[in-house]
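Down below is the structure, laid out as structure tokens.
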Amino acid sequence: MEEKNINQNAAVPAEISVWTKVKNFLFQEITVELTPKQEKVFKEVHDFWHQEITGQDVRDFLFQPITGKDIHDFLFQEIEIK
């Protein structure tokens, strides 16, 4: 019986491997505290990505009327380089 216990203990590593150290570092629990402004921005981004989009919304976007004036205004808009 003692021989069996010795063999089981032999399978346990004597040192912590590099991979275990990396894994423990990468998967440690963290706490993030946001300022009210950061929370507001985070909520707006979340709401944008999770908004309901219907087939009618996609159709309206793809088939919106485009005039020559719209193209002209887009191509010749003033661009400010800072």
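Translational D (Stokes-Einstein, µm²/s) of region 7-82 at 20 °C and 1.002 mPa s when Rh comes from the Kirkwood sum over C-alpha pairs? Present the calculation step by step, with values, prior to reporting the outcome.
Numbers: Rh = 19.8 Å.
Answer, rounded: 108 µm²/s.
As an exercise, use a Förster radius of 35 Å and the Cβ-Cβ distance of ILE53 and ILE81 to find the FRET efficiency, rounded to the nearest 0.05. Please list the in-between numbers first.
Working: r = 35 Å, r/R0 = 0.99.
The pair ILE53/ILE81 has a calculated efficiency of 0.50.
Considering only protein heavy atoms and a 1.4 Å probe, what is the carbon-and-sulfur percentage of the accessible area of region 29-74? Walk me through the numbers before you get to the answer.
Working: 3080 of 4920 Å².
Answer for region 29-74 is 63 percent, counting heavy atoms of protein chains only.
According to a simple spin-label model (label point 7 Å from Cα along Cα-to-Cβ), what is the distance in nm between ILE30 and HIS46?
According to this spin-label approximation, the distance is 1.8 nm.
The values are calculated or read from the model by the stated rules, or taken from the named source; none is laboratory data. In this text the structure is predicted, and so the values were computed from the model without any measurement. For neighbour counting, all protein chains shown are included, and Cβ atoms are generated from backbone atoms with ideal geometry for every residue, glycine included. Accessible surface areas use protein heavy atoms only, side chains included; no ligands, DNA or RNA. Shrake-Rupley method; radii C 1.70, N 1.55, O 1.52, S 1.80 Å.
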